[in-house]
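Participant: Let me give you the structure first, and then I'll get to my questions.
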Amino acid sequence: MGLPDASALPGVPAIPPGPASAVVRVAPAGAWPGFDLPELWRYRGLLFFLVWREIKVRYAQTVLGAAWAILQPLLTTVVFTVIFGRFARLPSDGVPYPLFSLAALVPWTYFNTAVSGASNSLTANTSLVTKVYFPRLVIPGAAVLAALLDLAVSIVALLVLMLFYHAAPRPAAVVLVPVSVLMMVLTAAGMGFWLAALNIQYRDVKYVVPFLLQLWMFASPVVYPLSLVPDRYRLAYSLNPLAGAIAGFRSALLGAGGPTGVEFGVSLGMACLIFVGGAAYFRRTERVFADVA
C-alpha cells in the first residue's frame, strides 16, 4: 500500500505543478577547448577574492608589509649602480645610473613576482583544484593581478627619485606607460599559464623558473640601455616582449633611448602571442589537473 499524496492530507496546501525541468547536456571538452568568456565573467567575484587573499597572505606577519615592494627594487638598484654603473661603467643614455636602473627594475620586479606567483599558484591551491569546479584560469590570473599593487607602490618610489634628480616624464608617458604595463601583464599572465600548467604535472618546473627568470633579466634591457644592442639585431631582440615593455616604460618616463614604433609593435605582438598560447595550453591540460594535483 503506497503512501498518500502529501497535498491530499488535511491542512496541507496543494502544490501547483512546476515548469518542466531543463535538460542539461554534459559533454567532454574538445582536445583544444575554447575560451568561455561569459563563464569567466560569472566567476569575477572569485577572481577578486583570490586577488585580495593573495595580497593579504603575501605580507601577513611581516614587520614592513608593503614596504618590501619599495625596498626590493631600491636595494637592487644600489647593487646594480655599484657593479654596473661604477665598476663596469655601462652607458645609461645620459640618465643618472641609479634612476636609469630603478626605472627598469620597477617593471622587471613586477614581472618576476607575477610569473613566480602564477607558476606556483595551482600547486599552492590543490584543495580548490580537486574539490570544486570553477575556471582554473582565475588562479594564476589572481597572482598576476595581485602583483600590480606592488607595481603601483614601487612606481611612487620611482617618481620620488625622479623628483630628486629633477627629471620629468615625457608627455608620451600618458600612453606609453599604460601600454607598457599592459604588455608586461599579458606576458606575465601567458608565461604564468604555461608554467602553472607544467608545474602541476612536472614538479621540476619550480626549480627551473628562478633560473629562467634570471636569464630573462639579462636578456632584457634592465642593466644596459637598448641603444647598446647593434642595429642589425634590434628587430630580433624585440621578439622579447620585455625589451619593448621595459625600454618603452623607461623612455616614456626618463626620455632615454626607447624602441622604434616597429620594435614596440613587435614586442606587443609577441606579448599577445604568449598570452594566447599560454591560455590555450592551460585550457588544453586543465582536464588532468585534478588527477595529478
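Quick note: the coordinates plus some simple rules give every number you see, no bench work behind them. The structure presented is a predicted model; accordingly, all values stated were derived computationally and were not measured. Reconstructed Cβ throughout: ideal geometry from the backbone, glycine too, with neighbour counts over all protein chains shown.
Participant: Sorted by average packing, counted as other Cβ atoms within 10 angstrom per residue and highest first, what order do 162-169, 174-181, 251-258 take?
Facilitator: 251-258, 174-181, 162-169
Participant: Percentage of Cα-Cα pair distances in region 195-293 greater than 24 Å, rounded to whole percent?
Facilitator: For region 195-293, the fraction of Cα-Cα distances above 24 Å is 37 percent.
Participant: Tell me, in nm to one decimal, what length is gained between Phe164 and Arg86 on full extension, where the rule is 0.36 nm per residue of separation less the Cα-Cα distance?
Facilitator: 26.1 nm
Participant: Another question, if that's okay. Explain nothing, just the number: relative contact order of region 174-265, from Cα pairs under 8 Å at least 6 residues apart, as a whole percent.
Facilitator: Details: 65 pairs, mean separation 34.2, N = 92.
Dividing the mean separation by the residue count of region 174-265 yields 37 percent.
Participant: In 5 Å bins starting at 0, how do the alpha-carbon pair distances of region 89-179 split up by percent?
Facilitator: 3, 12, 17, 18, 14, 11, 9, 7, 5, 3, 2, 0
Participant: Here's something else I'd like to know. What list do you get for Trp108, Trp52 if you sort them by fewest beta carbons within 10 Å?
Facilitator: So the ranking, lowest neighbour count to highest, is Trp52, Trp108.
Participant: Still on this structure: For region 103-165, what's the relative contact order in percent, using C-alpha pairs closer than 8 Å and at least 6 residues apart?
Facilitator: Result for region 103-165 is 48 percent.
Participant: Taking neighbour counts of Cβ atoms within 10 Å as a proxy for exposure, in what order, fewest first, do Met217, Met191, Met270 appear? Kindly include the intermediate steps, with their values, before the conclusion.
Facilitator: On the way: Met217 18, Met191 26, Met270 21.
Lowest to highest Cβ neighbour count: Met217, Met270, Met191.
Participant: Taking square-rooted eigenvalues a ≥ b ≥ c of the alpha carbon gyration tensor, is region 150-190 rounded, prolate or oblate, where a/c under 1.5 means rounded and, failing that, a/b exceeding b/c means prolate?
Facilitator: Cα axes put region 150-190 in the oblate bin.
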